[in-house]
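The structure appears right after this line, and notes come after that.
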C-alpha cells in the first residue's frame, strides 16, 4: 500500500509471507516493512522486520528493469537474521536477496481518510543498550472503515542516543482505542528490530519499545564512518567552517586512525582545532597544479572508543578570485597508520 498524494506521498507499507530453505530445512514467517519511493534515485526503498524462526531485519530497494518506466520490479536486499528455536538463539548472519517482483492488478482508492500522529518522547534504555534516548515518532494509518487495510499503516522514528543519531521505520497497526502496535527496524547505532506500543490518549501520550539486537553472538567489531559538512557555495573572501564527524558505531574500539580532509583549491586554510597536521599538495605529491595547490589537514587518532563520536573543525577563507557559483568540494577520508 502506498500513498499517492499529500504530505506522505510515495510512502507506504508492505506485509506478506516469506518462505526459505537453509541447509535442507524449511522456514516460514511474515514480513512487515515500510516502503518509500525516492524519485531522485529512482528506487523504492524497503525497510522493516522479518518474523518467524529466522527473524531479523530487511533493508533493500526495488529498481526498474526499464528506466523511467515506473515499474519497480528488481529486488536487492539484505536480510540480517537471527535463527532461534526452542533452545534459544542458534546463529545469526546475512542473507542477500535479489530477484524480480510480479505485481497483480493495482487498485486505487481515492478519498481514503488517513490519520497522522506525531509526537516527541524521551526516556531511558536498559539492557543491551543503555542510556538516555530522545525520539520523534510519526505514525500514519488508514482511518476509513470502507477501505481495505483499515487501521494499518507505517511509522518512522528519528532518535538521538549517546550523542549519535539514527532512524527506525516499519509497519503499524491499531490495537485498541488509543493503542498502536509498531514493528520497526532500527539502523545504527541502535541496530536491531523493535516491537513498540504507541499510546495516544488525549492527555497522556507515550511510546514503549523493546529493541532486540541484531548480530547477537558475532565477534565485536569497530564500525567507522566520517562525515564532512560545510557550505558548498559562498562569496569570495568569506570564511567557511568545515565540521568533520568521526563515528565508531561498532562494539569494539578502533586504534591508529588518520582523519584526512582535502580542501578545495578555491579556499585557503586558516585554522583547525585539536592537534592537526598541514600539507600543501604541490609540495608533497610532486604534482604541478594550474592554480593554487589544494591543502590537506589531518588528525591522528590513537583510539576512538566503541559507540562514540569525535568532532573536528577547520576554518578556511575563499580566495578573492573565486568566480560566482563555484562549488567548493571538500573531501574527508579515513586511513590507518
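The values are calculated or read from the model by the stated rules, or taken from the named source; none is laboratory data. Worth saying up front: this structure is predicted, and the values here are computed from it rather than measured. Don't worry about glycine lacking a Cβ; one is built from the backbone with ideal geometry, like all the others, and counts go over all protein chains shown.
Quick one: which residue in 11, 4, 43 is surrounded by fewer than 13 Cβ atoms within 10 Å (Cβ to Cβ), modelled with pLDDT of 90 or more and out of contact with any helix residue (DSSP H, G or I) (no Cβ under 8 Å at 6 or more places or on another chain)? Before the answer, list the steps.
Numbers: 11 fails: surrounded by fewer than 13 Cβ atoms within 10 Å (Cβ to Cβ); 43 fails: surrounded by fewer than 13 Cβ atoms within 10 Å (Cβ to Cβ).
One residue alone meets the criteria, 4.
Kindly establish whether residue 257 is modelled with pLDDT of 90 or more, within 30 Å of residue 57 (Cβ to Cβ) and not assigned by TED's automatic domain parsing to the domain that holds residue 132. Don't jump to the end; show me each part of the working.
On the way: modelled with pLDDT of 90 or more: yes; within 30 Å of residue 57 (Cβ to Cβ): yes; not assigned by TED's automatic domain parsing to the domain that holds residue 132: yes.
Spelling it out, residue 257 is indeed modelled with pLDDT of 90 or more, within 30 Å of residue 57 (Cβ to Cβ) and not assigned by TED's automatic domain parsing to the domain that holds residue 132.
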Per the filter on the stretch 172-189, residues closer than 15 Å to residue 56 by Cβ and crowded, with 19+ Cβ neighbours inside 10 Å are 183, 184, 185, 186
Any residue that is under 17 Å from residue 211 (Cα atoms) and in a strand (DSSP E or B) - is there at least one of those in the stretch 34-47?
yes
Condition test on residue 326, is it at pLDDT 85 or above and not assigned by TED's automatic domain parsing to the domain that holds residue 160?
no
Name the strands (runs of 3 or more DSSP E) wholly within the stretch 132-240 that hold at least 2 residues that are in contact (Cβ under 8 Å) with a residue 60 or more places away in the chain and farther than 30 Å from residue 262 by Cα?
152-161, 164-174, 179-186, 192-201, 204-213
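Can you tell which of 199, 167 is more than 19 Å from the chain's Cα centre (by Cα) and in the same structural domain as residue 138 (by TED's automatic domain parsing)? Full working, then the answer.
Numbers: 167 fails: more than 19 Å from the chain's Cα centre (by Cα).
Result: 199 is the single residue among 199, 167 that is more than 19 Å from the chain's Cα centre (by Cα) and in the same structural domain as residue 138 (by TED's automatic domain parsing).
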Applying the selection to the stretch 98-131, what residues are without any contact (Cβ under 8 Å) to a residue 60 or more places away in the chain and surrounded by 14 or more Cβ atoms within 10 Å (Cβ to Cβ)?
112, 115
